[in-house]
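Student: What follows is a structure written as structure tokens; I'll ask about it next.
The values are calculated or read from the model by the stated rules, or taken from the named source; none is laboratory data. The structure presented is a predicted model; accordingly, all values stated were derived computationally and were not measured. Note that each Cβ is placed from the backbone with ideal geometry, even for glycine, and that neighbours are counted across all protein chains shown.
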Amino acid sequence: MRITEVRTHLLEAPLSEPFAYSRAWYASRTAMLVEITTDTGVTGWGECYGPARMTQAIVQAMKPWLIGANPLHTERIWQQIYADLRDHGQKGLLIEALSGIDIALWDVKGKHFQVPIYDLLGGPVRTAVQCYATGLYRRKQGNPLDYLTEEAVGYVEEGFHAVKLKVGFGIADDIAAVRAVRAAIGPDIGLMIDANHAYDAVAAIQLGRAVEDQNIAWFEEPVPPEDLHGYRSVKAALSIPIAGGECEFTRFGFRDVFVGHALDIVQPDTCAAGGITECKKIADMAATFGIRYNPHVWGTGIGIAASLQLMATLPTHTPTALSSQAPILELDQTEHPIRHAILTQPLVHTRGGLAIPAGPGLGIDINRDALDAFRASA
Ligand code: CA
């Protein structure tokens, strides 16, 4: 079996209303998909997290190394590309590009053997996951305390058991938003906060202490990803669990996070940290160090499906059978016209739960008409 073609699909869609997190506004959504075809007619799909035009260029540059290779050799291909580029790209865009390629290869492998990827990873520990709603971003119009509480209540009414609120807009502003959202959703719904590394450790500890009485499920990316000392300071100062890792890459990057016990919850993105091959290894390391693994997900149905296949095989966080806590899926609820449109059957939650697709490979089929409809201009 040989790889015959590697195509990239750069997609873009404007948003009806821009939204902001702590560091930037979004006015459009992009996606960078990888399509790998083979001499047996099997086609696999992957997705790269990160700046789409840059990851597209890197995947295109990696293409000559892939043409003619055996697509079943996911481990060999990963090792070869990583070793060839080690001197120039141990983190960031190169690993994001490699992630999309690796996911596409696993999709090929599952389709070739006519089994879901989780069968190839050792079999499913679970067939469905609970999801939390990622949303509660800032808008150009309106009072945040009004629209954030209204949006949060909407997620609860949809059946979500947990919601994540963006913070990082100034400590007083954040405290008001956290208290308003907690009051609106009541005491029984999980509430996470995510600063997207807007703060240093001093400010993050100030915010954390001010909202410790609000039963926060986790405080995500309080400080920049490279500041592991800052992470440890925040973690030591607060009773709130500390999460992060969407800006970390490969088992080598996460090794320092684990050894330093910088996080309570680690969040590698399957489309960024090295694909399914690498994230399985990172997840095994997380379990070894007793650190919870809840993947970061910010993409289309391909990224969601890849995360679900991996999550099928992850151990529970707590080992006690009667009260075990399973990994939870991040389900982005912000506007993303491409997210579901590229799938023939969208991955839609039911009362906050999502079944893991059981079909071959990623268990999804691509709607090619949608690829044409959203194709970005070069
Ligand atoms: Ca985040």
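Student: Can you confirm whether Leu105 is modelled with pLDDT of 95 or more and outside the structural domain of Leu33 (by TED's automatic domain parsing)? Full working, then the answer.
Tutor: Values: modelled with pLDDT of 95 or more: yes; outside the structural domain of Leu33 (by TED's automatic domain parsing): no.
Considered against the rule, which asks whether it is modelled with pLDDT of 95 or more and outside the structural domain of Leu33 (by TED's automatic domain parsing), Leu105 comes out as no.
Student: I need every pair where a residue in the range 156-167 that is free of Cβ contacts under 8 Å to residues at least 60 places away in the same chain has its Cβ under 8 Å from the Cβ of a residue that is part of a loop (DSSP other than H, G, I, E, B) and within 16 Å of the ligand (Cβ to nearest atom), sequence separation at least 6 or different chains.
Tutor: Val163/Gly135; Val163/Leu136; Leu165/Leu136
Here's the yes/no breakdown for (1) out of contact with any strand residue (DSSP E or B) (no Cβ under 6 Å at 6 or more places or on another chain); (2) β-branched (Val, Ile, Thr); (3) within 16 Å of the ligand (Cβ to nearest atom):
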| position | (1), (2), (3) |
| --- | --- |
| Val156 | yes, yes, no |
| Gly168 | yes, no, yes |
| Asp188 | yes, no, no |
| Asp200 | yes, no, no |
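Student: Condition test on Arg29, is it of a type in the set (D, E, K, R), buried (at least 22 other Cβ atoms within 10 Å of the Cβ) and at pLDDT 95 or above? If you could, list the steps in order and put the result at the bottom.
Tutor: Working: of a type in the set (D, E, K, R): yes; buried (at least 22 other Cβ atoms within 10 Å of the Cβ): yes; at pLDDT 95 or above: yes.
When the stated conditions are applied, Arg29 passes them.
Student: What residue, among those in the range 270-307 that are within 15 Å of the ligand (Cβ to nearest atom) and of a type in the set (S, T, N, Q), is surrounded by the most Cβ atoms within 10 Å (Cβ to Cβ)?
Tutor: Within the range 270-307, the match that is surrounded by the most Cβ atoms within 10 Å (Cβ to Cβ) is Thr270.
Student: Related question: Exactly one condition in (1) farther than 28 Å from Ile101 by Cβ; (2) within 15 Å of the ligand (Cβ to nearest atom) is false for Gln267; which is it?
Tutor: For Gln267, the exception is condition (1).
Student: Mind counting the residues in the range 259-283 that are assigned to a strand (DSSP E or B) and basic (Lys, Arg)? Give the derivation first.
Tutor: We begin by selecting, within the range 259-283, every residue assigned to a strand (DSSP E or B); these are 265-266, 269.
Filter again for basic (Lys, Arg), leaving none.
Selection size over the range 259-283: 0.
Student: Restricting attention to the range 304-333, and to residues there that are among the polar types (S, T, N, Q) and in contact (Cβ under 8 Å) with a residue 40 or more places away in the chain, which single residue is farthest from Ile366 (Cα to Cα)?
Tutor: Start the filter on the range 304-333 by keeping residues that are among the polar types (S, T, N, Q), which leaves 307, 309, 313, 316, 318, 320, 323-325, 333.
This time we only want the ones that are in contact (Cβ under 8 Å) with a residue 40 or more places away in the chain, so: 309, 313, 316, 333.
Working: Gln309: 17, Thr313: 24, Thr316: 31, Gln333: 21 Å.
Residue satisfying both the conditions and the ranking: Thr316.
Student: On the basis of being modelled with pLDDT of 95 or more, assigned to a helix (DSSP H, G or I) and under 23 Å from the mean Cα position of the chain (by Cα), does Ala57 make the cut? I'd like the intermediate steps shown before the answer.
Tutor: On the way: modelled with pLDDT of 95 or more: yes; assigned to a helix (DSSP H, G or I): yes; under 23 Å from the mean Cα position of the chain (by Cα): yes.
So Ala57 fits the description; yes.
Student: Might you check whether a residue that is within 16 Å of the ligand (Cβ to nearest atom) and either surrounded by fewer than 19 Cβ atoms within 10 Å (Cβ to Cβ) or of a type in the set (Lys, Arg) (or both) occurs anywhere in the range 237-254?
Tutor: Yes: the range 237-254 contains one or more residues that are within 16 Å of the ligand (Cβ to nearest atom) and either surrounded by fewer than 19 Cβ atoms within 10 Å (Cβ to Cβ) or of a type in the set (Lys, Arg) (or both).
Student: Are any residues in the range 131-154 within 16 Å of the ligand (Cβ to nearest atom) and touching a helix residue (DSSP H, G or I) at 6+ places or on another chain (Cβ under 7 Å), and if so, which ones?
Tutor: Selection gives Ala133, Gly135, Leu136, Arg138.
Student: Does Leu310 meet the test of being more than 20 Å from Ala370 (Cα to Cα) and either within 16 Å of the ligand (Cβ to nearest atom) or assigned to a helix (DSSP H, G or I) (or both)? Explain how you work it out, then say what you get.
Tutor: Working: more than 20 Å from Ala370 (Cα to Cα): yes; either within 16 Å of the ligand (Cβ to nearest atom) or assigned to a helix (DSSP H, G or I) (or both): yes.
Against the criterion (more than 20 Å from Ala370 (Cα to Cα) and either within 16 Å of the ligand (Cβ to nearest atom) or assigned to a helix (DSSP H, G or I) (or both)), Leu310 qualifies.
Student: In the list Ile193, Ile205, which residue meets the criterion of being in the same structural domain as Thr313 (by TED's automatic domain parsing), closer than 22 Å to Gly245 by Cα, within 16 Å of the ligand (Cβ to nearest atom) and at pLDDT 95 or above?
Tutor: Numbers: Ile205 fails: within 16 Å of the ligand (Cβ to nearest atom).
The conditions single out Ile193.
Student: For the range 153-211, which residues satisfy the criterion of being buried (at least 21 other Cβ atoms within 10 Å of the Cβ) and acidic (Asp, Glu)?
Tutor: The answer is Asp174, Asp194.
Student: Right, something else. Can you list the helices (runs of 4 or more DSSP H) lying wholly within the range 63-180 that have 2 or more residues being more than 22 Å from Val42 (Cα to Cα) and among the hydrophobic types (A, V, I, L, M, F, W, C)? Break it down into steps so the answer makes sense when it comes.
Tutor: Values: elements: 74-85, 93-113, 117-120, 144-158.
Helices (runs of 4 or more DSSP H) meeting the threshold: 74-85, 93-113, 144-158.
Student: Another question, if that's okay. Can you name every residue in the range 310-336 that is touching a Ser or Thr at 6+ places or on another chain (Cβ under 9 Å) and under 17 Å from Thr134 (Cα atoms)?
Tutor: Pro327, Leu329, Glu330, Leu331, Asp332, Gln333, Thr334, Glu335, His336
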